[in-house]
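Let me begin by presenting the structure, written as structure tokens, before commenting on it.
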Amino acid sequence: MSNTQAIENLINGYATCKDSSFLITNAIEDFLAVRPSGDPIYAQEWVWMFNSKDLVSESSELIKTHKIEIYGDIAYTILTLNGIFSYKGNQNIDL
């Protein structure tokens, strides 16, 4: 399996997971996601949000992987997800 294919598999797992279980087993220590608000979030913070039960994922769909760049041991991706979730009972739809 190529490095690009391995990253695509990680993206698909991340996109379809409805809780924090994917990140617990697959994220590196300095994993960083940038939310639609522009605020970054580290994997452990993401796990804490789900574990608090304030955040409930209703659906998540990968719309498009725009870019995968690999530089030696470092890689980054740019992707678009469509997510529907509730935070403290208020539904949010984020693209």
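Phe50 satisfies every condition listed in (1) modelled with pLDDT of 80 or more; (2) touching an Asp or Glu at 6+ places or on another chain (Cβ under 9 Å); (3) not small (Gly, Ala, Ser) except (1).
Answer yes or no as to whether Thr80 is in contact with a strand residue (DSSP E or B) (Cβ under 6 Å, 6 or more places away or on another chain), of a type in the set (Val, Ile, Thr) and assigned to a strand (DSSP E or B). Yes: the conditions hold for Thr80. The numbered conditions (1) surrounded by 10 or more Cβ atoms within 10 Å (Cβ to Cβ); (2) touching a strand residue (DSSP E or B) at 6+ places or on another chain (Cβ under 6 Å); (3) aliphatic (A, V, I, L, M) are all true for Leu95 except (1).
Output the residues belonging to the stretch 63-92 that are over 12 Å from the mean Cα position of the chain (by Cα) and either in contact (Cβ under 8 Å) with a residue 40 or more places away in the chain or surrounded by 11 or more Cβ atoms within 10 Å (Cβ to Cβ) (or both).
Ile63, Thr65, Ile68, Glu69, Ile70, Ala75, Tyr76, Ile84, Phe85, Ser86, Tyr87, Asn92
Quick one: would you say Met1 is assigned to a loop (DSSP other than H, G, I, E, B) and either out of contact with any Pro (no Cβ under 8 Å at 6 or more places or on another chain) or touching a residue at least 24 places away in the same chain (Cβ under 8 Å) (or both)? In short, yes. Taking the conditions (1) surrounded by 11 or more Cβ atoms within 10 Å (Cβ to Cβ); (2) part of a loop (DSSP other than H, G, I, E, B); (3) not β-branched (Val, Ile, Thr) in turn, Ser59 satisfies each one other than (2).
The values are calculated or read from the model by the stated rules, or taken from the named source; none is laboratory data. This one's a predicted model, so the numbers in the text were calculated from it and none came from an experiment. A quick note on method: Cβ atoms are made from the backbone with ideal geometry, for glycine too, and the neighbour counts reach across all protein chains shown.
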